[in-house]
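The values are calculated or read from the model by the stated rules, or taken from the named source; none is laboratory data. Since we're looking at a predicted model, the values are computed, not measured. Using ideal geometry, Cβ is built from the backbone for each residue, glycine included, and neighbour counts are taken over all protein chains shown.
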Amino acid sequence: MEAKKIGIPVQPPSGQCQDSKCPFHGSLKLHGRTFTGMVLATRSAKTATVGWERRYYVPKYERYERRYTKLHVHNPTCINAQQGDVVIIAETRPLSKTKHFVVVQKSKPTSIKVAGEEELPEKEKQKQVKEKKTTETKEKKKRKGEQ
Ligand SMILES: [Zn+2]
């Protein structure tokens, strides 16, 4: 069975599936919004927990704060996104009590940037934290010396 056109410019999955709730091989139709996020968990069958960061403007401080969106998304067996994958999801009809989105494309973590988030390798992150700590302690020592 050929993968159907779903109306969104994404790469159709190479695999096949018997999932009726698959937009490529089943009868599911898409409408509404699309988002890009990261798979946080795949503990439930055919379901992925997808999340991403957004910026929320706080008028009082004229600055943005970080807020997070987390959704349950249907994960068709032909796509089978795993934890850590960056996925494109599309809105659809309610599939269950908490699912109204479906994964339409997955890619390796580095190829698509999640909006507003710059991915740093784990080592560099730790380095930055360490540097911050050392500078803080230095400053404290300085202050003590002045007193
Ligand atoms: Zn499928």
Check: Is at least one residue of the range 84-96 within 22 Å of residue 6 (Cα to Cα), surrounded by 12 or more Cβ atoms within 10 Å (Cβ to Cβ), modelled with pLDDT under 95 and touching a Lys or Arg at 6+ places or on another chain (Cβ under 6 Å)?
Finding: yes
Next item on the list: Could you check residue 18 against (1) surrounded by 13 or more Cβ atoms within 10 Å (Cβ to Cβ); (2) within 11 Å of the ligand (Cβ to nearest atom) and say which number it fails?
Entry: (1)
Next item on the list: Within the range 18-76, work out how many residues are more than 18 Å from residue 105 (Cα to Cα) and β-branched (Val, Ile, Thr).
Entry: 2
Next item on the list: From (1) modelled with pLDDT of 95 or more; (2) loosely packed, with under 12 Cβ neighbours inside 10 Å, pick out the condition that doesn't hold for residue 121.
Entry: (1)
Margin query: Looking for something among the polar types (S, T, N, Q), without any contact (Cβ under 8 Å) to a residue 60 or more places away in the chain and assigned to a strand (DSSP E or B) - is there at least one such residue anywhere in the range 31-43?
Written below: no
Margin query: Among the residues of the range 42-75, what is the count of those that are more than 15 Å from the chain's Cα centre (by Cα) and surrounded by 12 or more Cβ atoms within 10 Å (Cβ to Cβ)?
Written below: 3
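Answer yes or no as to whether residue 54 is more than 16 Å from the ligand (Cβ to nearest atom) and assigned to a loop (DSSP other than H, G, I, E, B). Give the derivation first.
Details: more than 16 Å from the ligand (Cβ to nearest atom): yes; assigned to a loop (DSSP other than H, G, I, E, B): no.
Answer is no for this residue.
Going by the structure shown, is residue 3 in the same structural domain as residue 71 (by TED's automatic domain parsing), small (Gly, Ala, Ser) and in a loop (DSSP other than H, G, I, E, B)? Spell out how you get there, then give the answer.
Working: in the same structural domain as residue 71 (by TED's automatic domain parsing): yes; small (Gly, Ala, Ser): yes; in a loop (DSSP other than H, G, I, E, B): yes.
Yes: the conditions hold for residue 3.
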Margin query: Of all residues being within 13 Å of the ligand (Cβ to nearest atom) and not hydrophobic (A, V, I, L, M, F, W, C) in the range 1-10, which is modelled with the lowest pLDDT? Just the residue, please.
Written below: 2
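I'm checking my understanding of the structure. Among residues of the range 24-41 that are more than 16 Å from the ligand (Cβ to nearest atom) and polar (S, T, N, Q), which one is surrounded by the most Cβ atoms within 10 Å (Cβ to Cβ)? Working first, answer last.
In the first step, residues of the range 24-41 are kept if they are more than 16 Å from the ligand (Cβ to nearest atom); the result is 31-41.
This time we only want the ones that are polar (S, T, N, Q), so: 34, 36.
Numbers: 34: 14, 36: 16.
Looking at residues that are more than 16 Å from the ligand (Cβ to nearest atom) and polar (S, T, N, Q), I get 36.
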